[in-house]
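What follows is a single structure, written as structure tokens, with notes after it.
The values are calculated or read from the model by the stated rules, or taken from the named source; none is laboratory data. Just so you know, these numbers come straight off a predicted model, no measurement behind them. Here Cβ is always computed from backbone atoms with ideal geometry, including for glycine, and neighbour counts include all displayed protein chains.
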Amino acid sequence: MIMPHQVKTRILIVDDSSFMRMAIRSVLSKEPSFDIVGTAGDGIEGVEKAIALKPDLITMDVEMPRMDGITALKQIMAKAPTKIIMVSTLTNEGATSTFEALDAGAVDYIPKNVTDSSDAQNIFRQELMRKIKEALASNLRRSHGTASPSARPAATGNTVLQRPTSSKFLGKKIQYVGIGASTGGPVALQEVLSRIPVNFPYGIMVGIHMPKAFTGPYADRLNAKCSMTIREAVDGDILKPGLALVAPGGMHTTLVRQGTHLVVRTQPTSAYPHYVYIPSIDLMMSSMAEASAGAMLGVILTGMGSDGFKGMQTLKQKGGVTIAQDEATSTIYGMPKACVDGGVADEVLPLGQIGFEISKFM
């Protein structure tokens, strides 16, 4: 129950589907601390109401007539910066548009569920509430883009980079890199991986909380924007130098040792029912730490909750090296904070420095 003196969170719903507007309103109206201050049926009306009503948060459909969600988002961020969650379809086109929206300043996204399944609708309701509460706890940011080509490490075989200078890294040898992220992660990972040169001598495994339909297009997007080769992992993949693999959504990913190689094993969620987040970064990191005997660097970026902490803890016990993103540059300082507070982060760095720090291990 909300107390009379408490200020409610003001929310604007922008969607061209009257059904979706009603569905989202129905979910949010059950939360007493939320106040639905308005709805809009297209991007033009959404921009107008965002400026006039000054909501604390906006849910924004991606595909709309007259003005699409991405154009509306950019105008709102320029004229009246607001925390925005994109509502997108579970398609390749929807994924591509969603990543463009995140680059433009959206806090997060939620896949639109249009099935009649009661289970699917319940999942949508739970996810919507979780995403909104996470967004409200996040740092509002404007689009900062990724590293410009001139700022990235050179993509030639002659690249020479300084060895790590931190005393905590002296004498540490790595053979692999594991990176985990959640809310704010799509933009953060692009920033980090864009700083790593094409001739990076270690394989990189990436885990990010994303639905199955999104991880493939996301890996393709990273591959187009970064120097090194990046793609979605498949069962049996070998983690090779100069390659970054993105754990597929909708399932878990572990790494196992086979001879001199680390090999990807995809696992159904039913095999690990106690892991809430999918794909689990804890599971990925822990298995990777075991398979590499600690000869790896673990990195935890922005995200809600503590997924990744236990994996980093296992890595530290194996003698590995760890980095966590700092609070100031995290969209949500949950996952990195768990590592810092738990004493398993060797270094705490701003986002813009992490990719360069990883590159120093060449």
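Scanning the stretch 58-100 for residues that are over 25 Å from Arg125 (Cβ atoms) and in a loop (DSSP other than H, G, I, E, B) returns Pro65, Arg66, Met67, Asp68, Ala80, Pro81. Is one or more of the residues making up the stretch 38-57 under 21 Å from Pro211 (Cβ atoms), in contact with a Lys or Arg (Cβ under 9 Å, 6 or more places away or on another chain), part of a strand (DSSP E or B) and touching a residue at least 40 places away in the same chain (Cβ under 8 Å)? Looking for residues that are under 21 Å from Pro211 (Cβ atoms), in contact with a Lys or Arg (Cβ under 9 Å, 6 or more places away or on another chain), part of a strand (DSSP E or B) and touching a residue at least 40 places away in the same chain (Cβ under 8 Å), one finds none in the stretch 38-57, hence no. If the condition is being farther than 16 Å from Arg195 by Cα and either outside the structural domain of Ile208 (by TED's automatic domain parsing) or within 16 Å of the chain's Cα centre (by Cα) (or both), then the stretch 312-362 contributes Ala324, Asp326, Glu327, Thr329, Ser330, Thr331, Ile332, Tyr333, Gly334, Met335, Pro336, Lys337.
Flag not set for Gly298, criterion: touching a strand residue (DSSP E or B) at 6+ places or on another chain (Cβ under 7 Å), at pLDDT below 95, under 16 Å from Ala188 (Cα atoms) and not hydrophobic (A, V, I, L, M, F, W, C). From the list Thr253, Thr266, the lone residue that is assigned to a strand (DSSP E or B), over 15 Å from the mean Cα position of the chain (by Cα) and surrounded by fewer than 24 Cβ atoms within 10 Å (Cβ to Cβ) is Thr266.
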